[in-house]
Structure formats: structure tokens, C-alpha cells
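Presented below is the structure to which this report refers.
Computed from the coordinates by the stated procedures, all read-outs in this text should not be read as laboratory data. What you are looking at is a predicted structure, and each value in this text was computed from that prediction instead of being measured. No Cβ is skipped: glycine too gets one built from the backbone with ideal geometry, and neighbour counts run over all protein chains shown.
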Amino acid sequence: MASELRVNTLKDAAGNNSIGVSSVSGALPRIWLTMANDASVATNGSFGVASTVDSSTGRYTVNFSNNFSGAGAYSVAMIAIDADGNGYIGGNTNTSTCEFRNYSGGFVDAPTQGIICGDLA
């Protein structure tokens, strides 16, 4: 049988430094992933990702396991680094997917990492 712990506030062992549980849970990434992106969209690891789709060179759609409450209800942080050490960022979002775009004078496949934080539906 599963157990349940219900609290409003967390404190350290000495009973100091309190923080509300909603502050803790609201700051956690809802999605994270790493992709090899060597012309594939295989993930090296992920959380909250239903699937990934190779849209075209340097463009990858990430489908979420759970929708966000709105298109503006989350923030994406991602980076892709190519073999020459060049970094790329970009993205296009809605409530259920995010498109990562790796671009530097043209779209390129490169290893990509990203986290997405926000309010789930």
C-alpha cells in the first residue's frame, strides 16, 4: 500500500530555514532531455518526454508526457554544441510540444540538452 506525506512547509534539521512545498515543487524542471542528434533523435536520457521527432536537419520536436497549462506557461532552456564547439539555441512552443532548432548560418544536427520549467495543466 502506498503511503502519503502531507506538509505545507519544509525546514532543516534544526527547525530553521523554512520553505513552502509549493515553492519547491514549482521550481523543479517538468521536462529534461539529452539527445545525440547525429542525424537521429535518440535520447540519451529524459524525463517528461513522450517522444521526439526529427522534423528536419537541426530541428527536433519534443512531445511532452503532460501538457503545460498554456503556451506561455513555461520556459525552455536548451543548448546544442557541435564538434567545433559552436553553441546554438532556439525553440518554438505550445502546450504539448516544443521544437528545438539548432542554427548557426544554417540548421545543423548537434548534441542537444534542454530543460523545461513551468505550470502543468
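Fewest-first ordering of C98, C117 by other beta carbons within 10 Å of each residue's beta carbon gives C117, C98. Selection among A50, N16, S75 by position relative to the dipole of the chain gives N16 as farthest towards the positive end (Cβ unit charges, Cα centre).
Just checking the listed ones, S96, S55, S25: in the Gaussian network model of the chain with Cα springs under 10 Å, the one fluctuating most is S25.
State which stretch of the chain is the longest one without any exposed trypsin sites (Lys or Arg not before Pro), exposure meaning a DSSP loop state and at most 13 other Cβ atoms within 10 Å. No qualifying site falls inside 12-121, the longest such stretch.
Karplus-derived 3J(HN,Hα) values for region 42-48, using 6.51 cos²θ - 1.76 cosθ + 1.60 with θ = phi - 60°, are 5, 8, 7, x, 6, 8, x Hz; glycine and proline are entered as x. Here the Kirkwood formula puts the hydrodynamic radius of the chain at 15.9 Å, using every distinct Cα pair. Placing unit charges on the Cβ atoms only, positive for Lys and Arg and negative for Asp and Glu, gives the chain a dipole magnitude near 380 debye about its Cα centre.
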